[in-house]
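Asks: What follows is a structure written as C-alpha cells; I'll ask about it next.
The values are calculated or read from the model by the stated rules, or taken from the named source; none is laboratory data. Source: prediction; values computed, not measured. Cβ sites come from the backbone with ideal geometry, for glycine too, and all protein chains shown count toward neighbours. Heads up: the accessible areas ignore ligands, DNA and RNA and are worked out on the full protein's heavy atoms, side chains in. Shrake-Rupley method; radii C 1.70, N 1.55, O 1.52, S 1.80 Å.
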Amino acid sequence: MDSKGFTQDGTVDLHGRPVLADKTGKWKACAFLVAYEAFERMAFYGIASNLVVYLTTQLHEDTVSSVRNVNNWSGAVWITPILGAYIADSYLGRFWTFTISSLIYVIGMILLTMAVSVKMLKPSCENGVCSKATTTQIAFFYTSLYIIGIGAGGTKPNISTFGADQFDDLNPHEKKLKASFFNWWMFSAFTGALFATLGLVYIQENLGWGLGYGIPTVGLIFSLIIFYVGTPLYRHKIRRTRKPAKDLLRVVVTALANARLDRPAHPSELHELDQEYYVTTRKRRVHHTPIFRFLDMAAIKTEKSTRQACTVTQVEGAKLVLGMCMIWVVTLIPSTIWAQINTLFVKQGTTLDRHLGPTFQIPAASLGSFVTLSMLVSVPMYDRYFVPFMHRRMGNPRGITLLQRIGVGFVIQIVAIAVAYVVEVRRMRVADAHGITGPNQVVPMSIFGLLPQYVLLGVADVFNAIGLLEFFYDQSPEDMQSLGTTFFTSGIGVGNFLNSFLVTVVDKVTGRGGERSWIGKNVNDSHLDYYYAFLFLLSALNLVVFLLASNKYVYKVESAEVEGRQQINEGKTLGLQV
C-alpha cells in the first residue's frame with residue numbers, strides 16, 4: 001500500500017477507505033485534537049479545582065465529607081473510562097464512542113451550570129452566607145456531576161489514543177514524531193488546567209459560580225466544533241479483533257485446562273501462526289517473553305489438550321495485561337498524593353494569608369495553577385533538552401525507559417509530600433505562637449509558603465503522569481489500546497477512592513474518644529502534619545515495591561511486515577526497566 005502513498009499500518013478514513021499518508025494524520029490532524037483537549041481540561045479542572053470550596057461554603061459540608069465527596073466524584077470520573085474503552089475496543093470504535101460520550105458530557109455541564117445559577121436549584125444566600133441546601137438541590141447537583149463522570153468515561157480513554165493513532169508506527173519518520181506526542185498532548189491539557197485554576201477559580205469565588213461554570217460549558221461546546229472540523233484529516237484504526245477481552249479470558253482458561261501437561265523445552269515448540277497470516281491480516285505478531293511462563297501452557301500443541309491452543313501472540317497479549325496490572329498496583333499510592341492538590345492542600349490554603357496587595361485575595365484553589373505552570377515549563381525542557389541529552393548517553397530514543405521516567409516522578413512526589421509535612425509543621429507553629437485555634441481564623445503566614453509542594457508535584461507529573469499514559473498505551477495489546485489507556489485513568493480513580501477511604505478512616509481512628517483528629521473539621525485544630533508523614537511513609541514503601549516490580553517487567557517485542565521485510569518494533573526492548 002505504501003507504493004500508492006497510503007499509510008503502512010492500514011488506517012482508514014471515517015468511511016473505511018484507505019487514507020493517503022501525506023494528506024491525513026500526523027500533527028496537522030492532532031492540532032484539532034490538542035485544541036479540544038485544552039478546552040476539555042479547562043472544563044474538568046474548572047470544576048475539580050474548586051469543588052471542595054463550593055461544597056463547604058455553598059452546601060455547608062464539613063471538611064471530611066467534602067474531601068470524601070470530591071475524591072469519590074474524581075474517582076468515578078477516572079474509573080468510568082474502563083467502560084468507555086471496552087465499548088470502543090469491542091463495539092463502536094474510538095471516534096463514535098467519543099462522539100456519544102461528548103454529548104453526555106455537554107449535557108452534564110449544562111445541568112451543573114443550572115444547578116449553581118438557577119434560583120430554585122441552588123441554596124439561597126444573603127450577605128455571602130448560604131442557607132442549607134434542600135435534598136432536591138443536593139440531588140440535582142450531584143446528578144449533574146455524575147452525568148459529567150459518565151460522559152468523561154467515553155472521552156478520556158479514546159481521545160488520547162485516537163491522537164496517537166494519527167501516527168504510523170511502520171513509518172520511521174512518523175514513529176519519531178509520535179515519540180513526542182504524549183508530551184505535547186499533556187502540554188495542551190496543562191494549558192487548559194492553567195486557565196481553570198487561574199481564571200475560572202477567581203471568577204467562581206468573586207463573580208459567581210454560574211458564570212464560573214458557564215464559561216467552561218461554552219468552551220467545551222466550542223472545542224467539539226473544533227474537533228469535528230478536523231474530521232477529513234483523521235485516521236481510524238481498523239478493529240481486527242471484535243472482542244479482545246474475550247481472547248484474554250480464553251488464554252487464562254486454556255492455561256488452567258493444560259496445567260497438568262508438560263511445558264515445551266523451547267518457546268519455538270509453542271503454537272504460533274506463520275508470518276504470512278500476520279501479513280495478510282495486518283496484525284502485529286508479538287514475540288515470546290520469559291515472564292509469566294505459566295500462561296505458556298495455553299499455547300501447547302498436543303492432542304492431550306481438551307482445548308484449541310492459543311497462539312503465542314495471544315498469550316503474550318495476556319502477559320502484557322498482567323504485567324501492566326503489576327505496574328498499575330504501584331501507581332495507586334502516587335495517585336493518592338496527587339489527590340491532595342484539590343482537597344487538603346486547598347483547605348490548608350484557606351487558613352493562610354491570601355492577600356496580594358491591600359485588597360486583592362488569591363483563591364486558595366488558584367495555587368494549583370503552579371502545578372500547571374511548572375508542568376508547562378518542564379515539558380518543553382524535557383522534550384527539547386533532557387531527551388536528546390539522555391539519548392546521546394543511553395541510546396534510547398526516549399532518553400530513558402518509560403519505567404525509569406515513572407520512577408523519577410515517584411521520587412519527586414516523595415520529596416513533595418515531605419516538603420508538605422515540613423510546611424504544615426511550620427504553619428501549626430505559627431498558629432500556636434499567635435494563639436489561633438478557631439476554624440475561620442487566618443494564620444499570619446503567606447499562602448505562598450505552600451508553593452514548593454505544588455511546584456514539585458507539577459515537575460513530578462511531567463515524569464510519572466505522562467510516562468504512565470505513554471507506558472500503558474505503548475505496552476497494550478494492539479487491539480486493546482483504548483482499554484490499555486484506562487490503566488492510567490483507573491489508577492488515578494482508585495487513588496482518589498483510596499484517599500477518600502484513608503481520610504475517613506484516619507479521621508475516625510485518630511478522633512476517637514474526643515482526641516484531636518488528624519483531619520478534623522477545624523484545620524487549625526487538627527494534625528495534617530501527621531497525615532502527611534503517614535503518606536510519606538506509604539510512598540517510600542511503595543517506591544521499593546515499584547523498583548521490584550519494574551525489575552520483573554519485560555517490555556513487549558512485536559513485528560510487522562512492511563513491503564516484504566519484517567520490521568521489529570522494540571521500545572519495547574527487553575532488559576532492565578528502572
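Asks: Which of the residues that make up region 371-386 are more than 20 Å from residue 340 (Cβ to Cβ), of a type in the set (Ser, Thr, Tyr) and either touching a Leu at 6+ places or on another chain (Cβ under 8 Å) or surrounded by fewer than 15 Cβ atoms within 10 Å (Cβ to Cβ) (or both)?
Replies: Taking region 371-386 and keeping what is more than 20 Å from residue 340 (Cβ to Cβ), we get 376-377, 379-386.
Now drop any that are not of a type in the set (Ser, Thr, Tyr), which leaves 382, 385.
Of everything in region 371-386, just one residue is more than 20 Å from residue 340 (Cβ to Cβ), of a type in the set (Ser, Thr, Tyr) and either touching a Leu at 6+ places or on another chain (Cβ under 8 Å) or surrounded by fewer than 15 Cβ atoms within 10 Å (Cβ to Cβ) (or both), namely 385.
Asks: Which residue pairs have Cβ atoms closer than 6 Å, lie 6 or more positions apart in sequence or on different chains, and pair a first residue in region 372-394 that is in contact (Cβ under 8 Å) with a residue 40 or more places away in the chain with a second residue that is among the charged types (D, E, K, R) and in a helix (DSSP H, G or I)?
Replies: Cβ pairs passing all conditions: 375/461.
Asks: What's the number of the condition residue 309 fails, among (1) of a type in the set (Gly, Ala, Ser); (2) in a loop (DSSP other than H, G, I, E, B); (3) within 18 Å of the chain's Cα centre (by Cα)?
Replies: Looking at each condition in turn, residue 309 falls short on (3).
Asks: Looking for whichever is under 30 Å from residue 550 (Cβ atoms) and in contact with an Asp or Glu (Cβ under 7 Å, 6 or more places away or on another chain) here; the options are 329, 315, 321. Which one fits?
Replies: On inspection, the qualifying residue turns out to be 315.
Asks: Can I ask one more? Residue by residue through region 46-87, note down the ones that are open to solvent by less than 30 Å² (accessible area, probe 1.4 Å) and part of a loop (DSSP other than H, G, I, E, B).
Replies: 49, 50, 59
Asks: Now, a different point. Can you give me the number of residues within region 256-291 that are in a loop (DSSP other than H, G, I, E, B) and open to solvent by 50 Å² or more (accessible area, probe 1.4 Å)?
Replies: The qualifying residues number 12.
Asks: Further question: For region 1-31, which residues satisfy the criterion of being open to solvent by less than 50 Å² (accessible area, probe 1.4 Å) and in a helix (DSSP H, G or I)?
Replies: Scanning region 1-31 gives 26, 29, 30.
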